[in-house]
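Values quoted throughout were computed directly from the atomic coordinates according to the rules given, and no laboratory measurement underlies them. What you see is a predicted model, and the numbers here were worked out from it, not measured in a lab. As a convention, Cβ positions derive from the backbone with ideal geometry for all residues, glycine included, and neighbour counts pool all protein chains shown.
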Amino acid sequence: MAAALYEPEVGYYARGTRQVGRGGDFFTSVSVGPLFGNLLARRFLHEWRELGSPEKWRIIECGAHDGTLAADVLDALRQLDASAFAALEYAICEPLPRLQAAQRETLGKFGETVVFADGPELLAENPLPGVVFGNELLDALPFHLVEWRSGGWRECLVGLDFTWQTNDTITDPLLLEALAPLGGNFPEGYRTEVRTNFRTFLEPLTRCLSSGLLLWPDYGFARPEYYLPERHQGTLRTFSKHRAGEDPLATPGEIDITAHVDFTAVAEAALALGCHIRAFRNQGAWLTETGRDWLLSLEGAPPGELLRQFQTLTHPSHLGGSFHMIELAWKNPSATTLSETDSHRIALCACPVPGGR
């Protein structure tokens, strides 16, 4: 999966920036319009103020694609608070040359406010207060595919002839550790996905912040709902020209490969690093709370394009129900702890509506 998506010459995401939108392979919240970035900017601005309005702060975006969301966030921050914008370093971590070139073109108007890095290592040399985020990034992290056979787990591997092969003995300690909480009450042939890389992904990013927030919007479930016995074929999907498929071996490098996010596993990885879970709720509820002041300012006004965007982003049967937001606080003494409601969602189940792209 890592090679099919990210190999620098022929990987799916390395080929360019035409995957997203009406003419691409799938939609995201960014495709709806600039409001999504505007509402994220409001949450980031709240974090800056909660951190004491530092003279220098940093937003790190991972998986920035062509820079459209970054431009929406930066435009909004500049309009909302000139002081916060003047103090900002907006850093994009992007190792793929074609994507970084597209981002530089999109974001050139913001000058030195935007910096680019192949990875978080250079940013970690000078940690700043701020925010790390990535829209629909966690679902694109490579995962293991496993199958329940004869009372135990088997790993599904890719053979040299691009067919599935089964490894009867799993020896990877991280995979064994991740499988342990799932138990053994599964029907024969049950297949699902397991990620073991959340901690290794998050840890370098935390080193780039002296304090602040990590925010991850994505589609997925808490663990008890993710691994329901009736979800017997898992959530692995491919996307091409807005059509979903289930065979990632058909045309590797030409199709998107994804699976839903186990947000309980994300929370556990974050807690092990020393983060606190600030919030976990569906996108509709999170955006409604974040945009409360903006919504109140529209009271009595006729419906407009931005309100239509908001309805698309928050409708329970669309993006609002199938997507979730998880907020992770990092070394922020002012951060409130996870509410009892959000804690219950993490522990039991987040949302009864299966969804995704």
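When the square roots of the Cα gyration tensor eigenvalues are ordered a ≥ b ≥ c, the ratio a/c for the range 144-191 is 1.5 or more and a/b does not exceed b/c, which makes its shape oblate. Label-to-label distance for ALA244 and ILE170 is 2.4 nm, based on points extended 7 Å past Cα in the beta-carbon direction. Hey, rough spin-label estimate for SER297 and HIS46, points 7 angstrom out along Cα→Cβ, what's it come to in nanometres? Once both label points are built, they end up 1.5 nm from each other. Remark on the range 171-213: hydrodynamic radius 13.1 angstrom, per the Kirkwood mean of 1/r across alpha carbon pairs.
With the Kirkwood sum run over all distinct C-alpha pairs, the range 229-295 has a hydrodynamic radius of 15.4 Å.
Considering Cα pairs under 8 angstrom that are at least six residues apart, work out the relative contact order of the chain and quote it in whole percent.
It rounds to 19 percent for the chain.
Across every pair of non-identical alpha carbons in the chain, the mean reciprocal distance, once inverted, gives a Kirkwood radius of 21.1 Å.
Full extension from GLU188 to GLU289: what is 0.36 nm times the residue separation minus their Cα-Cα distance, to one decimal in nm? Show your work: numbers first, answer last.
Working: separation 101, 0.36 × 101 = 36.36 nm, distance 4.30 nm.
Stretched fully, the GLU188-GLU289 segment lengthens by 32.1 nm.
A simple charge model with +1 on the Cβ of Lys and Arg, -1 on the Cβ of Asp and Glu and nothing else charged puts the dipole of the chain at about 580 debye relative to its Cα centre.
Put in line by how crowded their Cβ is, counting other Cβ atoms within 10 Å and starting with the fewest, TYR90, TYR190 read TYR190, TYR90.
Build a GNM of the chain with springs between Cα atoms under 10 Å apart, and of THR288, THR68, THR200 the one that fluctuates most is THR200. Specify the residue with the greatest mean-square fluctuation among PHE201, PHE263, PHE310, computed from a Gaussian network of the chain linking alpha-carbon atoms under 10 Å apart. Most flexible of the set in this elastic network: PHE201.
Cross-link partners for LYS56 among the aspartates and glutamates, with Cα-Cα distance under 17 Å and sequence neighbours closer than 8 places in the same chain left out: GLU47, ASP81, GLU89, GLU112, GLU125. Arranged from fewest to most other beta-carbon atoms within 10 Å of their beta carbon, SER240, SER211 become SER240, SER211. Each of HIS315 and VAL115 was given a label point 7 Å from its Cα along the Cα-to-Cβ line. The distance between the two points is 4.2 nm.
Among the GluC sites (Glu not before Pro) in the range 54-151, those located in a DSSP loop and surrounded by at most 12 other Cβ atoms within 10 Å of their own Cβ are GLU55, GLU125. For GLU89, the residues whose modelled amide H falls within less than 5 Å of its own, excluding neighbours fewer than 5 places apart on the same chain, are TRP57, ARG58, ILE59.
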